[in-house]
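For reference, the structure is listed below as structure tokens.
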Amino acid sequence: MISAIIPAYNEEENIKTVIDICKENKNVTEIIVVNNLSTDRTEEIAKKEGAKVIFCDKQGKGYAMEAGIEQAQNECIVFLDGDISDYSDDVIYKLTEPILERNVDFVKATFDREGGRVTELVAKPLLKLLFPDLQKYTQPLSGMVAGKKSVFQKIELEKDYGVDIGLLLDMVKLNVKIEEVKIGKIKNVCKSWKALEKMSTEVMRAILKRANIDV
């Protein structure tokens, strides 16, 4: 059985769609929306759609993910971003099948998309220099992941934009069984240059930290 976790900050426009995707998978027995200090109707809509809503009073995706992991009742956990409206109907199946059928420990999504400026200009060049073996992961910053709760609990997550790349690097360090699976094409909301600067800094910090380089 699967616990689906959706970290959410002001996602009233998309949260119903993401919850509906979770409902499509018969193995999902628990849908957790982590309300990460939203000021809109995210929590109201999520409750109306039957999701379990928990409140995380510390801003940051890593905090929200940790809160969800703590509450999850199943060993198999899948995370979906709350700001994406065009997931394929079988996205949860694709992310969790390696865990449920082949005993994989951690699965990271790859996908076709437009943009990816921080991925292409920051993450991939740094990984090429510092962790060349990780060049095989085409979307290292992807936030759509699945894994075993017992493995997630062995890692202390970054709390900001560095959480996704930090999670991948930590899983590699743990030497667990990892797969990257393609989930189709998705659209991400384009961030402002100011937001991209913050994201780039936090992604770089997470990578350099794991390369034992002080910043």
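The values are calculated or read from the model by the stated rules, or taken from the named source; none is laboratory data. Everything numeric in this text was worked out from a predicted model, so none of it was measured. Here the Cβ is made from the backbone with ideal geometry for all residues, glycine too, and neighbour counts use every protein chain on show.
Select from the range 16-41 the residues that are farther than 16 Å from ILE84 by Cβ and either at pLDDT below 95 or acidic (Asp, Glu) (or both) and list them in ascending order.
Residues satisfying the conditions are GLU30, ASP40.
Quick check: is even one residue across the range 165-186 surrounded by fewer than 18 Cβ atoms within 10 Å (Cβ to Cβ), in contact with a strand residue (DSSP E or B) (Cβ under 6 Å, 6 or more places away or on another chain) and over 25 Å from VAL18 (Cβ atoms)?
Scanning the range 165-186, I find at least one residue that is surrounded by fewer than 18 Cβ atoms within 10 Å (Cβ to Cβ), in contact with a strand residue (DSSP E or B) (Cβ under 6 Å, 6 or more places away or on another chain) and over 25 Å from VAL18 (Cβ atoms), so the answer is yes.
Is it fair to say ALA67 is surrounded by 20 or more Cβ atoms within 10 Å (Cβ to Cβ) and over 21 Å from GLY147 (Cβ atoms)? Full working, then the answer.
On the way: surrounded by 20 or more Cβ atoms within 10 Å (Cβ to Cβ): yes; over 21 Å from GLY147 (Cβ atoms): no.
Spelling it out, it is not the case that ALA67 is surrounded by 20 or more Cβ atoms within 10 Å (Cβ to Cβ) and over 21 Å from GLY147 (Cβ atoms).
Which of the following residues is basic (Lys, Arg) and crowded, with 18+ Cβ neighbours inside 10 Å: LYS61, LYS136? Give the steps one after another, and end with the answer.
Working: LYS136 fails: crowded, with 18+ Cβ neighbours inside 10 Å.
So the residue among LYS61, LYS136 that is basic (Lys, Arg) and crowded, with 18+ Cβ neighbours inside 10 Å is LYS61.
Out of the residues in the range 70-99 meeting the condition of being modelled with pLDDT under 95 and of a type in the set (Gly, Ala, Ser), tell me which one is surrounded by the fewest Cβ atoms within 10 Å (Cβ to Cβ).
Among those residues, the one meeting the criterion is SER88.
Report whether or not THR29 is more than 19 Å from ASP164 (Cα to Cα), surrounded by fewer than 21 Cβ atoms within 10 Å (Cβ to Cβ), among the hydroxyl-bearing types (Ser, Thr, Tyr) and over 13 Å from the mean Cα position of the chain (by Cα). Show your work before the answer.
Working: more than 19 Å from ASP164 (Cα to Cα): yes; surrounded by fewer than 21 Cβ atoms within 10 Å (Cβ to Cβ): yes; among the hydroxyl-bearing types (Ser, Thr, Tyr): yes; over 13 Å from the mean Cα position of the chain (by Cα): yes.
Against the criterion (more than 19 Å from ASP164 (Cα to Cα), surrounded by fewer than 21 Cβ atoms within 10 Å (Cβ to Cβ), among the hydroxyl-bearing types (Ser, Thr, Tyr) and over 13 Å from the mean Cα position of the chain (by Cα)), THR29 qualifies.
I'd like to check which strands (runs of 3 or more DSSP E) are fully inside the range 1-56 and have at least 2 residues that are in contact (Cβ under 8 Å) with a residue 12 or more places away in the chain and under 17 Å from VAL145 (Cα atoms).
Details: elements: 2-8, 28-35, 52-55.
Output list reads 2-8, 28-35.
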